[in-house]
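What follows is a short report on a single structure.
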Amino acid sequence: MADNVTSLFRTGAHSPSMAALARESGEAGPLDFCIPCNPYFPTPAMFDELTHRLRDIITYYPSSADTITAELCNLLQLPPQCVAMGNGSTELITWIDHLLVRESLAIPVPTFGRWTDQPLETGKRVDMFPLQESNGFALDPAQYIQFIRSRGTRAAVICNPNNPDGGFLPRQTILAFCDALADLDLIVIDESFLEFADAENEPSVVEEAVMRPNVIVLRSLGKNFGLHGVRFGYMVANPGLAGRIRSMLPKWNLNAFAETVVFMLKNHGPEYAESLQLVRRDRLDMAHQLSALPGLTIYPSQGNFLFVRLPVGAEGTVVRDRLLTEHRILVRECGNKIGSSSRFLRLVVRPPADVRRLVSGMESVLFGARRGAAVPELNTGTNYSSGTAAVDRLVGSTNGQGFPGLAASASANGMVGQPQALPLPQPLTAGANGMVQQPQPQPMVAAANGMVGQPQPLTAAQTRGTNGMPGGLTAVNAQGQPQQFPPQFAPQQGYPQQPQAMPQPQPVPPPQPTGWPNTAGASDGVGWPAAGTVNRVG
């Protein structure tokens, strides 16, 4: 039976559904750290209401998509002509590809698989911009722009936060990116996980999208509301772009569950806001608990998940299968994501009690004393973790000794002394004036004694423009003329950030306000997936 269950993971690009796992195992679903749902919403009372109305929901036709969209727009304070609702964000990605992407699309990888797979299925060229593991998978927008210009790509996507690593770019940086590529056919900002971010109060660019000719913002509802099975999401763009997508959608593309939930939401704003605060709190606690596992690297995240790199010697598929069969815990192994490998897991944020069970299960699978532990015994010289997989493979394959004669060869060539890390341009965090810059936090690496160790030095060549100065970043535009990028993107000299103590989880105050916010800022402190009001809470 265990072999049948684990074989479900080898049939496609995504994890099997919970229903498929339950059918194959004949048991209740496992503890889920795979599917990125909000565990605190809907509330038990809302589920009771849905259960009470189940017969009518599944018996009768829903209202038209226009009716459901109008109700959602009333909550979000968005013009209905600028919004298209889909049967999940993937339906909208499909139509965006068919209608608005011509010959090519650029996307940083690793990322959500439909952004790489969908255009390939329709014969488009997908230009994949690799996020660097040595830089914590942080996206450098200036280098991404250079890549797009060099490839001549006509459409570009940024997922903010990115899935699976949770990388985040602030609002002003996203807007500067759109300004620099205003001549492209299309720019998509996928904000499917933005509700869980707390890096800034108003990170969404929804308000600006309705005024730009080539920008679409994609939003998810299933992830935020903990209802993946309902399949609903929406996009925001200028009326022309939104209308093209809306014209292709069936009149009843949204089901009765989606309608019921949308019309319930106006009465549950405070509960939703509190659920987001709880997820943000749990993200810190979960990172803290996972940091006790030796050799595990935890990357900074603004999503409702954490991207982790397993210790040297651990194979992600083995860890995933054993967690499922031995501990009834489901995790997302990322070996089938382009730009990732089986050394990586994406772990969804869950309450602290669930995380303790996960940590216990991972400790047993990775370091259990019984024969077959996924990681060799500690203190054998093979548990070294540098922060870079290529270095780890070298150290692991030579038991920490390196290649014979490497030092003598370096000395003979004049390379005497320890190599020095080059300063790395730090990712930008633009403030209200678009010029403030902050270094990107570095991943935490747990040492063999279970304590959080020092982040590893990062090495990369400093990016400079044609004038040799950090502010002179230049590339060639679509017309072949030199293009000066906005100063927000000019890389600055920086040094690896010193590690900070992991903040302790803080108690979540009860929500004070009532009602839903609008795009003018009248949110009374309640977060909602609307333009510019997403994260006023906390």
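The values are calculated or read from the model by the stated rules, or taken from the named source; none is laboratory data. These numbers were taken from a predicted model, which means no experiment stands behind them. Positions of Cβ are backbone-derived with ideal geometry, glycine not excepted, and every protein chain shown enters the neighbour counts. Just so you know, the surface numbers come from the protein's heavy atoms only, side chains and all, with ligands and any DNA or RNA stripped out. Shrake-Rupley method; radii C 1.70, N 1.55, O 1.52, S 1.80 Å.
About its Cα centre, how strong a charge dipole does segment 255-347 have in debye, to the nearest 20, once Lys and Arg get +1 and Asp and Glu get -1 at the Cβ?
On the way: 12 positive and 9 negative charges, 54 e Å.
Using Cβ point charges on Lys, Arg, Asp and Glu, segment 255-347 gives about 260 debye.
When the dipole is taken about the Cα centre of segment 177-298, and only Lys, Arg (+1) and Asp, Glu (-1) are charged at their Cβ, what size is it in debye, to the nearest 20?
Computed charge dipole of segment 177-298: roughly 580 debye.
Can you give the Kirkwood hydrodynamic radius for segment 322-369, in Å, rounded to one decimal and based on Cα pairs?
Computed over segment 322-369, the radius equals 11.7 Å.
Please list, in chain and number order, the residues 5+ apart from Cys159 or on another chain whose amide H is under 5 Å from its amide H, with Hs placed from the backbone.
Amide H neighbours of Cys159, under 5 Å, 5+ apart: Asp190.
Viscosity 1.567 mPa s, temperature 4 °C: give me the Stokes-Einstein translational D for segment 247-324 in µm²/s, with Rh taken as the Kirkwood radius over C-alpha pairs.
For these conditions, the coefficient is 79 µm²/s.
In segment 108-247, with Lys and Arg counted as +1 and Asp and Glu as -1 at Cβ, which of these residues, Thr116, Ala176, Asn201, has the Cα nearest the positive end of the dipole, that is, farthest along it?
Farthest along the dipole direction, towards plus: Thr116.
How large is the dipole of segment 42-132 about the Cα centre if only Lys and Arg carry +1 and Asp and Glu carry -1, each at its Cβ, rounded to the nearest 20 debye?
That gives a dipole near 160 debye.
As an exercise, use a Förster radius of 56 Å and the Cβ-Cβ distance of Leu99 and Glu363 to find the FRET efficiency, rounded to the nearest 0.05.
0.70
Taking H as built 1.01 Å from N, whose amide H comes closer than 5 Å to the amide H of Leu306, not counting residues under 5 places away?
Leu347, Val348, Val349
Assuming 1.002 mPa s and 20 °C, estimate D for segment 226-383 with Stokes-Einstein, Rh taken as the Kirkwood radius over Cα pairs, in µm²/s.
Reported coefficient: 115 µm²/s.
From a point 7 Å beyond the Cα of Thr67 in the direction of its Cβ, which residues of segment 266-286 have a backbone N at a distance under 19 Å?
266-267
Summarise the accessible area of segment 179-238 (1.4 Å probe, protein heavy atoms) by the percent that is carbon and sulfur.
Of all accessible area on segment 179-238, carbon and sulfur atoms account for 48 percent.
Using all Cα-Cα distances in segment 39-96, what percent lands in each 10 angstrom bin from 0 up to the longest?
Reading the bins upward from 0: 19, 32, 43, 6.
What residues qualify as long-range amide H neighbours of Ile187, i.e. H under 5 Å apart, gap of 5 or more or another chain, H built at 1.01 Å from N?
Residues meeting the amide H criterion: Ala156, Val215, Ile216.
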